[in-house]
Amino acid sequence: MHIIFKKGLNAAKKNTGPGFLLQGFALTLVLLYYFHAPTHQFLLKIPEIKQRMGVFFPILSTAFFGGLIPFLFMAARKEVPRGHAVSNLLFLLGFWGFNGLNVDFLYKAQAVMFGDHPDVATVIKKVCFDQFVFSVFWSAPFATMAMHWKHCGFSFRTARERFSRDILTVELPSILFSIWAVWIPTVAIVYSLPLALQFPLFNIVLCFWSLMLTAVSHRNAANP
């Protein structure tokens, strides 16, 4: 139990600085939306594009912001293993494209369950459901297992052979603590926007989170 909290706390601490940057960026966009007319008008064009593209928008946009941009950043810093660039890129695109569908469905479902008015009570309900139901029972476990598979060379057999209790008792809580440290304040900001703009804002800040998740999972794999 001590190891779980220690790794989780370390992960949260290491994400504090980038997390504040991410949250500040999101908050700035929200304030500009409400108080800066040109930004307001520009952001209102995004839901129109989303509506025209349909289901392809959450897949392609999340793959772009969560997969392609972070991959190019890691490649520029020579952090992509030699000879594994294509497999890593395809993984990131597929992983985040699939997550885009999940998050888009989550935001729409919460609008049905809790309403779409960005008042304090509604925002609190959405944050709690997002972070303590969706993240605990789906987002963090899925990310943990997907990253474990990636670190096993995309081999299901190797992933099964290397699977251990530490993945669920150490790595999963570590990723979950990282999610909470970064995304509890961030989704509160996201949910303060109308439904049509929640997903675009999520995507804009996602590239930072994708880099952080990759770093956290890499540290856990290197330090079992």
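The values are calculated or read from the model by the stated rules, or taken from the named source; none is laboratory data. These numbers were taken from a predicted model, which means no experiment stands behind them. Virtual Cβ from ideal backbone geometry, glycine too; neighbours counted across all protein chains shown.
Assess whether ALA188 counts as being assigned to a helix (DSSP H, G or I), over 22 Å from LEU93 (Cα atoms), modelled with pLDDT of 90 or more and among the small types (Gly, Ala, Ser). Against the criterion (assigned to a helix (DSSP H, G or I), over 22 Å from LEU93 (Cα atoms), modelled with pLDDT of 90 or more and among the small types (Gly, Ala, Ser)), ALA188 qualifies. Scan segment 147-158 for residues that are in contact with a helix residue (DSSP H, G or I) (Cβ under 9 Å, 6 or more places away or on another chain) and either farther than 29 Å from CYS128 by Cβ or surrounded by fewer than 18 Cβ atoms within 10 Å (Cβ to Cβ) (or both) and jot them down. Selection gives TRP149, LYS150, HIS151, CYS152, GLY153, PHE154, SER155, PHE156, THR158. Checked against the criterion of being part of a helix (DSSP H, G or I) and farther than 28 Å from TRP149 by Cβ, the candidates LEU211, LEU197, LEU206 yield just one match: LEU197. Within segment 91-110, residues that are closer than 16 Å to TRP183 by Cβ reach partners that are part of a helix (DSSP H, G or I) and of a type in the set (Ser, Thr, Tyr) with beta carbons closer than 8 Å, at six or more positions or on different chains, in the pairs TRP96/THR62; TRP96/SER210; ASN99/THR62; ASN99/SER139; GLY100/SER61; GLY100/THR62; ASN102/SER139; VAL103/THR62.
Just name the residue that is surrounded by the fewest Cβ atoms within 10 Å (Cβ to Cβ) out of those in segment 67-124 that are among the small types (Gly, Ala, Ser) and assigned to a loop (DSSP other than H, G, I, E, B). Talk me through it step by step, then tell me what you get.
Residues of segment 67-124 among the small types (Gly, Ala, Ser): 67, 75-76, 83, 85, 87, 94, 97, 100, 109, 111, 115, 121.
Restricting the remaining residues to those that are assigned to a loop (DSSP other than H, G, I, E, B) gives 83, 115.
Numbers: GLY83: 7, GLY115: 14.
My answer is GLY83.
Of the set (1) charged (D, E, K, R); (2) without any contact (Cβ under 8 Å) to a residue 12 or more places away in the chain; (3) crowded, with 19+ Cβ neighbours inside 10 Å, all apply to GLU161 but (3).
When each of THR39, THR28, THR62, THR16 is tested for being hydroxyl-bearing (Ser, Thr, Tyr) and at pLDDT below 85, the lone residue that passes is THR16.
Quick one: in segment 38-53, of everything that is of a type in the set (A, V, I, L, M, F, W, C) and within 18 Å of GLY100 (Cα to Cα), which residue is surrounded by the fewest Cβ atoms within 10 Å (Cβ to Cβ)? Explain how you work it out, then say what you get.
Initial filter on segment 38-53 (of a type in the set (A, V, I, L, M, F, W, C)): 42-44, 46, 49, 53.
Add one more test, that the residue is within 18 Å of GLY100 (Cα to Cα), and what stays is 46, 49, 53.
Working: ILE46: 18, ILE49: 11, MET53: 13.
Per the stated criteria, the residue is ILE49.
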